[in-house]
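Novice: Here's a structure for you.
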Amino acid sequence: MPFRSLCFILLALLPYSTEAQPGSAPSGFEKSAYQDATGNVLPYQILFPKNYDRKQNYPLVLFLHGAGERGTDNEKQLTHGSKLFLDEKVRADFPAIVVFPQCPPESYWSSVKIDREKRPMSLDFSYADRLNWPTQAAVDLVKSLLKTEGVDKNRVYLMGLSMGGMGTFEVLSRYPKLFAAATPICGGGDPDLAKKYAKRLPLWVFHGDADPVVEVKYSREMVAKLKEVGANVQYTEYPGVGHDSWNNAFAEPNLLPWLFGQKK
């Protein structure tokens, strides 16, 4: 049996309910999977607040990982960012539901067209007619959690790095009313679509000016357009930092206070 088919069968054995059982692993993330209407399965891990009470309303963070963390193991997507939310002080100060879906290896969070023959990559953000199915499934998962878990619909946040940063900008252009704030890290998007969400939510954008993979110009262009159309946007650019600018972003002492301080 092909390895890919075996992986899909194993995933299919996971529960499709978005109601992962809080308490099964109270100190960390829990594995689950979401099945869309056409049968596609999106694996994800979810972190519930300590002493989670479904009758209360908590903020929710959707985190979109980078291209290197794609797969079917439902683990690799936690490589970057999960430790930030597992920190004991963070869990005490900012109790939240945090969701890390995993994009399959053959897909991408954004429908961007990529020329990989160039270095840095050449990116064309003329999006396709619809979201790639894993990204749509991630959005639908959030909508499902809004119904089944104790989520504050006015405090839903979107974070993403690299491929996930690109996905962040695209999701915002298609679902501008869903999120209360967003943090795209070393990504990029279509500046012409910024007006769709510019005045709906604040953004904090990060990039390293020495990024050899995703050129810093893509974040600069997005920030310039967002400012032009009246967005509440902060931009932090790290001199001499390459493609791992997420490490700098996660170390920002005001990142989480800023994020969780936003409300629709």
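The values are calculated or read from the model by the stated rules, or taken from the named source; none is laboratory data. Values in this document were obtained by computation on a predicted structure and should not be read as measured data. Because the Cβ atoms are built from the backbone with ideal geometry, glycine has one as well, and the counts that use them run over all protein chains shown.
Novice: Kindly provide the set of residues from segment 46-79 that are on the phi > 0 side of the Ramachandran plot and of a type in the set (S, T, N, Q), ordered by number.
Specialist: Those that are on the phi > 0 side of the Ramachandran plot and of a type in the set (S, T, N, Q): N51, N74.
Novice: Okay, next question. What number of residues in segment 219-264 are of a type in the set (D, E) and in contact with a Gly (Cβ under 6 Å, 6 or more places away or on another chain)?
Specialist: Final tally of qualifying residues: 0.
Novice: Here's another thing I want to ask about it. Does V241 satisfy the condition of being modelled with pLDDT of 95 or more, not in a loop (DSSP other than H, G, I, E, B) and not charged (D, E, K, R)?
Specialist: no
Novice: Would you please name the residue that is surrounded by the most Cβ atoms within 10 Å (Cβ to Cβ), looking only at residues in segment 54-75 that are in contact with a strand residue (DSSP E or B) (Cβ under 9 Å, 6 or more places away or on another chain) and among the small types (G, A, S)?
Specialist: G66
Novice: Here is a follow-up. Kindly provide the set of residues from segment 180-200 that are aliphatic (A, V, I, L, M) and under 18 Å from S126 (Cβ atoms), ordered by number.
Specialist: L193, A194
Novice: Please go through segment 97-110 and pick out each residue that is within 12 Å of the chain's Cα centre (by Cα) and either in a strand (DSSP E or B) or acidic (D, E) (or both).
Specialist: The answer is V98, V99, F100, P101.
Novice: Of everything in segment 41-53, what is surrounded by fewer than 19 Cβ atoms within 10 Å (Cβ to Cβ) and within 19 Å of the chain's Cα centre (by Cα)? Give them in sequence order.
Specialist: Listed by number, the list holds a single entry, V41.
Novice: Further question on the same structure: Inspect segment 27-43 for any residue being at pLDDT below 95, within 30 Å of V213 (Cα to Cα) and not β-branched (V, I, T) and give the result as yes or no.
Specialist: Among the residues of segment 27-43, not one is at pLDDT below 95, within 30 Å of V213 (Cα to Cα) and not β-branched (V, I, T), which makes the answer no.
Novice: Still on this structure, please answer the following. So, restricting to strands (runs of 3 or more DSSP E) that lie completely within segment 111-225, which ones have at least 3 residues that are buried (at least 18 other Cβ atoms within 10 Å of the Cβ) and out of contact with any His (no Cβ under 9 Å at 6 or more places or on another chain)?
Specialist: 151-161, 181-185, 203-208
Matching residues to (1) free of Cβ contacts under 8 Å to residues at least 40 places away in the same chain; (2) under 17 Å from G167 (Cβ atoms):
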site	(1), (2)
Y52	no, no
V61	no, yes
K76	yes, yes
G81	no, yes
V99	no, yes
S110	no, yes
I114	yes, yes
